Amino acid sequence: MNAEPVIEIVDINKSFGDNHVLRDFTMNLYKGENLVVLGKSGSGKSVLIKCIIGLLTPDSGSIKVFGEDISEYDRRELDRMRVKVGFLFQSNALYDSMTVRENLEFPLRRHHIKGKQDAEEVEVMVMEALGNVGLEHTVDMMPAELSGGMRKRIALARTLILRPEIILYDEPTTGLDPITGREISELIVEVQKKYNASSIIISHDINCISITSNRVVMLIDGRCYAEGTYQELSGSEDPKVREFFK
Ligand SMILES: Nc1ncnc2c1ncn2[C@@H]1O[C@H](COP(=O)(O)OP(=O)(O)OP(=O)(O)O)[C@@H](O)[C@H]1O
Ligand SMILES: [Mg+2]
């Protein structure tokens, strides 16, 4: 991969008390790639993503996003970074008391991208974002009226509405049936192509990994244990690697 790195993580450590979760973890994300981070439950995948968007601070090491060290960011700079770096929560994090439309408008207001006077433009952006995930007809529905797969799509539409250059997906297919999981995986690939987005996809769903990944990094014992394409890793002789591909 010759593209430029958009995220550079060097030797980060993160502990919670005695629990040393990330240990000199190093990894780059290159422009335009879909990078899967694979690891067991509790291995620190969500912690890693939270460090990247500044929700958690590593104890040591450095994280650069678009060449800038985020540890030096103040609140406003972190906020600005979160427009360029979209995050799809493992839990979706939709607002249950808001309609789909209000959920999608929220990030535009929150980041002061559109004010009240831009109502028409906001409507166009909301409908385009819903169109990306094939759910225009749900615009006036409440999250509770949607299936799990639909909620995941709405959460993705809400992430895409800010046109992020980097997207971080935390377990995008967990809890979905295999067919819906496949649809979400295919959507991730469409988003990559349409927006030339660079993405980190946290997953242990082998189907999702095989569909979405250009490259896979394995997080074991807090470190980047192995790295390669899906093909390379799934054919590995290393028992620790093989375990994931059974
Ligand atoms: N805010 C926190 N305070 C204390 N411990 C935490 C915190 N966040 C995560 N941990 C611990 O860090 C470890 C890694 O958690 P993390 O959520 O990153 O796992 P994961 O790899 O995302 O797992 P899963 O696949 O189940 O989502 C766990 O032992 C967890 O208990
Ligand atoms: Mg997690």
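The values are calculated or read from the model by the stated rules, or taken from the named source; none is laboratory data. Only a predicted model underlies this, so the values are computations on that prediction, with no experimental measurement involved. FYI the Cβ positions are ideal-geometry reconstructions off the backbone, even for glycines, and counts take in every protein chain you see. Accessible surface is based on the protein model in full, side chains and every heavy atom, while ligands, DNA and RNA are left aside. Shrake-Rupley method; radii C 1.70, N 1.55, O 1.52, S 1.80 Å.
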In this structure, does Ile113 turn out to be open to solvent by less than 50 Å² (accessible area, probe 1.4 Å) and either touching a helix residue (DSSP H, G or I) at 6+ places or on another chain (Cβ under 9 Å) or within 27 Å of Cys208 (Cα to Cα) (or both)? no
Looking at the structure I just gave you, is Ser41 open to solvent by 40 Å² or more (accessible area, probe 1.4 Å), small (Gly, Ala, Ser), within 16 Å of ligand 2 (Cβ to nearest atom) and not in a strand (DSSP E or B)? yes
Could you run through the stretch 157-172 and say how many residues are open to solvent by 10 Å² or more (accessible area, probe 1.4 Å), within 11 Å of the chain's Cα centre (by Cα) and more than 20 Å from Val65 (Cβ to Cβ)? 1
Inside the stretch 44-60, can you point out the residues that are more than 13 Å from ligand 1 (Cβ to nearest atom) and either free of Cβ contacts under 8 Å to residues at least 12 places away in the same chain or buried (at least 18 other Cβ atoms within 10 Å of the Cβ) (or both)? Ile53, Gly54
With more than 20 Å from the chain's Cα centre (by Cα), within 16 Å of Asp69 (Cα to Cα), more than 10 Å from ligand 1 (Cβ to nearest atom) and surrounded by fewer than 16 Cβ atoms within 10 Å (Cβ to Cβ) as the only criterion, which of Asp24, Asp11, Asp18 stands out? Asp11
Looking across the stretch 69-105 at residues that are in contact (Cβ under 8 Å) with a residue 12 or more places away in the chain and assigned to a strand (DSSP E or B), the single one that is farthest from Glu171 (Cα to Cα) is Val85
